[in-house]
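Each remark here refers to the structure printed beneath this line.
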Amino acid sequence: MDKSPKKDTFAKSRKLVHYVKEKLNELMNSGTDEDDPNSPLVSIKRFEDIHMEPDLLKAVYAAGFNRPSKIQANALPLLLADPPLNLVAQSQSGTGKTAAFVLAMLTRVNKDLDHPQVICLCPTYELAIQTGEICAKLALYMKNITMIYAVSGEHMPPSCQVTQHIIIGTPGKIMDWGIKYKSFDLSKIRVFVLDEADTMVSTQGHHDQCIRIHRNLATSCQMIFFSATYDEEVLHFVKFMVADPTIIRLPREQECLDNIKQYYVMCRGEESKYSSIQNIYGGITIGQAIIFCNTRKSAAWLSKKLINDGHSVAVLSGELNVEERLGILDRFRAGLEKVLVTTNVLSRGIDVSQVTIVVNFHMPTLHGSGYPDYDTYLHRIGRTGRFGKHGIAINLIDSERDMKLSLAFEAHFKKPIALLNTNDSDEVQNLEN
Ligand code: ADP
Ligand code: MG
C-alpha cells in the first residue's frame, strides 16, 4: 500500500494532465480508419448494391451511414438471401454489427401477421435497449412494424399474448415469456439473433437459457450469431447449435486494435491508482472516459472518492435497478458526466462514440482467478475507438500480477502496451510523436 500518496502526485499530475490533453487533441484531429483501405470499415460496396427494401435504404442514409462497413457488406447479402442462410459472424468492436443484424431482422418481418417472428437476445439490459433504439431508427420508414422489449421491469401478464413482430431482450425474460407463460410461440420465430454470441453460449454466461430457447425454435428458423470474439471451444459449440453455418471472421483478433493506443501506468497501491485517475480526469477536455473496476464495491469506492473531490462522475453497476442504470447511461451519452465508473456489466456492446479513454482500474481476469481474460480486455477497450475513431486504453498497474497480466495482453494481441512514465519528460515527448 502507498502510505504517502500526495508526495510526488502534483508534479506528476500536471505532466500527466498535459500529456493526456495533448494526446487527445492530436487524436481528435487525426483522420479515422475510414480512410485506410485495409480498415474493416472500408468496403467496395455501396448500400445500393445490397438489395434491401427502399424504406430500409432510406433509413440507413437517414441514420448517417454513407457506405457499409466490411462486416455489413459481407454479412448483409448472406443475411438477406433466400432461402435464408445461418450466419456466424465475427468482426471487431465498433464495426457496425448491430445494423447488419437489425437490417436482416426488419427485412424478414411479415407485417400481416400479428405475432412475434424475430427474437434478438442480448446479454444485458442496457444492450437490449441500445439495440432496440437502433432497430427503431432503421424502421423509421417501415410502417406498422412493431417491437417489444423483453427485459427486467417489463411485465407480461400470464394470459396475455405478445402481438409485436420483434422481441429484443435478455435471455431470462424471453425464456419466461416464450416457455413459462407461453406468451408467444417460439416455433413461429423466423429469425433468431444472438448478439455477443460467445458470452451468450459460454457456460459462465447465459448458456442454459439460450439453449432452452434455441431448442424450441423450428429447424427452419434463421440463426444469426454475432460477436467480436469467439474462442475455439465456443465456436465449436456454436457450430453444433447452428446447422450449416456460413462463418465470417473479419478480421481475426490479432488484427484488431490498430486504432486504440494502449498504455500502462505504474502505480503504488490503490491510492496511487486514484491519483492517476484524477490526472486522467483533468486531461479529458473533448471526449469521455469509462473506468472499469472488477467489483461493484471498488466501483462505488472510486466514484465516491472522485465525487467527494468535486469531479462529475457517474457510476453504473449491477446493484442498481434497471431504471437507474438506464438513466445513468443516458446522462453519460448526453455528455453530462465526463467519466463513467463501471464493472464488466458494461464491457460489451455499449456504443458511446465520444468515449476517448478506457481505463482498467483493475485488469480483467477469468472469474477472479489470476488468469488473463483476453476477451473481456478486448471488449472493454473496444468501448473506445468506435467505428474507426481513435482511442486510448490505459492499464493501471500496482503489482507484479497486474504487470504479468498487461504483458499477457500485449503478447496475446501482438500490439504494444507502452509505459506512460510521466516523470520522464523526454519519454513523454517521444510518446507524443
Ligand atoms: P459493433 O456492434 O460492431 O461493436 P455497433 O453496431 O455498435 O458496433 O456500431 C458502432 C458505431 O458505428 C455506431 O455508433 C453506429 O451508429 C456506427 N455505424 C454503424 N454502421 C455504420 C456505417 N455504415 N456508417 C457509419 N457509421 C456506422
Ligand atoms: Mg455490438
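The values are calculated or read from the model by the stated rules, or taken from the named source; none is laboratory data. All figures in this text were calculated on a predicted structure; none of them were measured in a lab. Counting neighbours? That spans all protein chains shown, and the Cβs are built from the backbone with ideal geometry, glycine included. With ligands, DNA and RNA removed, areas are computed over all heavy atoms of the protein, side chains included. Shrake-Rupley method; radii C 1.70, N 1.55, O 1.52, S 1.80 Å.
Observations, loosely collected:
- Beta carbons closer than 9 Å, at least 6 apart along the sequence or on distinct chains, pair a first residue in the range 193-215 that is touching a residue at least 24 places away in the same chain (Cβ under 8 Å) with a second that is of a type in the set (Lys, Arg) and open to solvent by 10 Å² or more (accessible area, probe 1.4 Å) for ASP195/LYS97; ASP195/ARG348; GLU196/ARG348; THR199/ARG348.
- Looking across the range 94-131, the residues that are within 16 Å of ligand 2 (Cβ to nearest atom), among the hydroxyl-bearing types (Ser, Thr, Tyr) and open to solvent by 10 Å² or more (accessible area, probe 1.4 Å) come down to THR98, THR124, TYR125.
- Residue that is farthest from ligand 2 (Cβ to nearest atom), among those in the range 379-393 that are open to solvent by less than 10 Å² (accessible area, probe 1.4 Å) and under 13 Å from GLY349 (Cβ atoms): ARG380
- Some residue of the range 60-69 being touching a helix residue (DSSP H, G or I) at 6+ places or on another chain (Cβ under 8 Å), within 30 Å of HIS236 (Cα to Cα) and aliphatic (A, V, I, L, M): no
- Members of the range 207-236 that are in a loop (DSSP other than H, G, I, E, B), within 16 Å of ligand 2 (Cβ to nearest atom) and not hydroxyl-bearing (Ser, Thr, Tyr): ALA228
- Filtering the range 170-197 to residues that are open to solvent by 20 Å² or more (accessible area, probe 1.4 Å) and either out of contact with any helix residue (DSSP H, G or I) (no Cβ under 6 Å at 6 or more places or on another chain) or within 22 Å of VAL322 (Cα to Cα) (or both) leaves THR170, GLY172, LYS173, MET175, ASP176, ILE179, LYS180, TYR181, LYS182, ASP185, SER187, LYS188.
- Residues of the range 355-369 satisfying the condition of being within 23 Å of TYR274 (Cα to Cα), part of a loop (DSSP other than H, G, I, E, B) and open to solvent by 10 Å² or more (accessible area, probe 1.4 Å): HIS362
- Failed item, numbered, when VAL60 is tested on (1) at negative phi; (2) within 15 Å of ligand 2 (Cβ to nearest atom); (3) modelled with pLDDT of 95 or more: (2)
- Going through (1) within 16 Å of ligand 1 (Cβ to nearest atom); (2) in contact with a Leu (Cβ under 7 Å, 6 or more places away or on another chain); (3) aliphatic (A, V, I, L, M); (4) open to solvent by 10 Å² or more (accessible area, probe 1.4 Å) one by one, ALA334 falls short only on (2).
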